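A short worksheet on the structure shown next.
The values are calculated or read from the model by the stated rules, or taken from the named source; none is laboratory data. For clarity, every value in this text was computed on a predicted model and none was experimentally measured. Virtual Cβ from ideal backbone geometry, glycine too; neighbours counted across all protein chains shown. The area values use the complete protein model at the heavy-atom level, side chains included, leaving out ligands, DNA and RNA. Shrake-Rupley method; radii C 1.70, N 1.55, O 1.52, S 1.80 Å.
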Amino acid sequence: MSDAPVIGVLALQGDVREHVHALAAAGAQARPVRRPGELDEVDGLVVPGGESTTISKLADIFEMREPIDKRIAGGMPVYGSCAGMIMLAREVLDGRPDQRGFAGIEMTVRRNAFGRQVDSFEAPVEIDGVAGEPFHAVFIRAPWVERVGAGVEVLGTVTEGPAAGRIVAVRQGNLLATSFHPELTGDPRVHGYFVELVRAAR
Ligand code: GLN
């Protein structure tokens, strides 16, 4: 296990434990990260699902915003799931005016986008770079991606149902984001994708 990358899960709010377990199952050494000193020790970071307005507020209170932005600028891989995707977006629609993300992906996401039709739902998503059958994706008050910048790769869209065609997985360099929650379904492929990304970036 000694060459396993060390991946932190930002532990300010949200489903931290589920991501720690999913990362461990995908071959990483996973640990919660709450303080700048803990961030220094990780090769990559997951920003979990939860509530982006709360994570934004706590990032300031715990003085994590600037250290995370610095590590992102230095090339540290970050994966954001749901609220974490919102925290990795340069522009947020339907956010609270005071919420602020990290220096993340050049994209516009709409917060709680699916919620107008249905609060939570499940749908198959085909993800580029994730082999095998479509990923069974769980969406909980999820955002979708409305616009991507030139350097952003669309990795996955919803394949069926009322939300078909919506962009729900993207990557820009070492930054990865999904609207859905792979930490809840026991399928390790998305975390595996991120662990490989971190391994390659080390
Ligand atoms: N709607 C939440 C937000 O704005 C995200 C929901 C989730 O992470 N499951 O942050």
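Report the one residue of Ile86, Pro5, Ala59 whose Cα lies farthest in the direction of the positive end of the charge dipole of segment 1-155 (charges on C-beta: Lys and Arg +1, Asp and Glu -1; origin at the Cα centre). Result: Ala59, furthest along the dipole toward the positive end.
Helical runs (DSSP H, four residues minimum) scored at -39500 (n - 2.57) apiece and divided by the length of the chain put the mean residue ellipticity at 222 nm at -7000 deg cm²/dmol. Relative to the Cα centre, the charge distribution of the chain, modelled as +1 at Lys and Arg Cβ and -1 at Asp and Glu Cβ, gives a dipole magnitude of about 400 debye. In units of the rule-of-thumb radius 2.2 N^0.38 Å, segment 91-197 shows an alpha carbon radius of gyration of 1.03. Within the full protein context, the accessible area of Glu106 is estimated at about 80 Å² for a probe radius of 1.4 Å. Computed over neighbours whose Cβ is under 15 Å from that of Asp69, the net charge equals 0, Lys and Arg +1, Asp and Glu -1. Summarising the strand pairing of segment 51-202, around 75 percent of its internal DSSP beta bridges are antiparallel. Taking every full run of DSSP H in the chain, none both stretches at least 30 Å from end to end by Cα along its long axis and averages -1.0 or higher on the Kyte-Doolittle scale.
Packing here is the average count of other Cβ atoms within 10 Å per residue, and on that basis the peptides 22-30, 174-182, highest first, run 174-182, 22-30. Peptide packing: for 183-194, 39-50, the average count of neighbouring Cβ atoms within 10 Å per residue gives the ranking 39-50, 183-194, highest mean first.
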